[in-house]
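The values are calculated or read from the model by the stated rules, or taken from the named source; none is laboratory data. Computed from a predicted structure; not experimentally measured. As a convention, Cβ positions derive from the backbone with ideal geometry for all residues, glycine included, and neighbour counts pool all protein chains shown. When the accessible area is computed, the model is the full protein with side chains, heavy atoms only, and any ligands, DNA or RNA have been set aside. Shrake-Rupley method; radii C 1.70, N 1.55, O 1.52, S 1.80 Å.
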Amino acid sequence: MTTPTETVQQFVEAWGAMGALWGINRSVARVHALLMATEAPLSLDEIAEQLQISKGNASMSLRELRTFGVVRQVEVPGDRRDFYVTEPDVWTMFFRILRERKRREFDPALEAIHRLLAQPGAKGPVLGRLRQMSELLTTFEGVVNRFLKDPASSRAALAFVSGVPFDPRPKKR
């Protein structure tokens, strides 16, 4: 039988592996997982110790997660250290990550294909492929932009498509 700590560690490792497959730094994903699976705020020292990583690595990971808007710094009365918690709403977290990944990764790729098409020289099958790629990426951009415009409606649409019931009322804690 696994202990709660072992279960949290398994989650941290699984989330880290999944994050790495999705292009997220493994340490960033592991820090995020630890904060998601922990009720109380954690200090930088506690994060580094629990994940057996350097404080520098933990600090860089926290900075990245704060940039994504999924982790925030909090104060603990009576303690001068900085503590961290994750965004409590998983759907809000998902939309923030999607928005940031789109800005960092997708938008530059779309701009690059548009610039390439504006240059003279491509013809025949190459030009056809580039135009198709531009059309595909532009279509995808439209879908993502609509998806990000209204997270509540998008969540309901995802629930409908997946067949999972959706309750729009906020969860009581």
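Structure values in brief
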read-out	value
Sole residue being surrounded by 11 or more Cβ atoms within 10 Å (Cβ to Cβ), in contact with a strand residue (DSSP E or B) (Cβ under 9 Å, 6 or more places away or on another chain), assigned to a helix (DSSP H, G or I) and β-branched (Val, Ile, Thr), chosen from 85, 12, 31	31
Pick from the stretch 37-49, criterion under 15 Å from residue 5 (Cβ atoms) and in contact (Cβ under 8 Å) with a residue 12 or more places away in the chain, ranking: nearest to the chain's Cα centre (by Cα)	37
Among (1) surrounded by 12 or more Cβ atoms within 10 Å (Cβ to Cβ); (2) in a strand (DSSP E or B) - the single one residue 93 does not satisfy	(2)
Residue that is out of contact with any strand residue (DSSP E or B) (no Cβ under 7 Å at 6 or more places or on another chain), exposed (fewer than 13 other Cβ atoms within 10 Å of the Cβ), under 27 Å from residue 153 (Cβ atoms) and acidic (Asp, Glu), where the choices are 105, 39	105
Residues satisfying the stated conditions in the stretch 72-100, i.e. under 22 Å from the mean Cα position of the chain (by Cα) and within 12 Å of residue 42 (Cα to Cα)	72, 73, 74, 83, 84, 85, 86
Test: residue in the stretch 51-72 that is farther than 27 Å from residue 17 by Cβ, without any contact (Cβ under 8 Å) to a residue 60 or more places away in the chain and open to solvent by 90 Å² or more (accessible area, probe 1.4 Å)	no
Residue in the stretch 75-83 that is touching an Asp or Glu at 6+ places or on another chain (Cβ under 9 Å) and modelled with pLDDT of 95 or more present	yes
Test: residue 137 is touching a Phe, Trp or Tyr at 6+ places or on another chain (Cβ under 8 Å), among the aliphatic types (A, V, I, L, M) and open to solvent by less than 40 Å² (accessible area, probe 1.4 Å)	yes
Any hit, the stretch 142-149, residues being in a helix (DSSP H, G or I), out of contact with any Phe, Trp or Tyr (no Cβ under 8 Å at 6 or more places or on another chain), touching a residue at least 24 places away in the same chain (Cβ under 8 Å) and surrounded by 14 or more Cβ atoms within 10 Å (Cβ to Cβ)	yes
Residue 118 of a type in the set (A, V, I, L, M, F, W, C) and either within 29 Å of residue 156 (Cβ to Cβ) or in contact with a Leu (Cβ under 7 Å, 6 or more places away or on another chain) (or both)	no
Residue match in the stretch 117-131 (condition: of a type outside the set (Gly, Ala, Ser) and under 20 Å from the mean Cα position of the chain (by Cα))	no
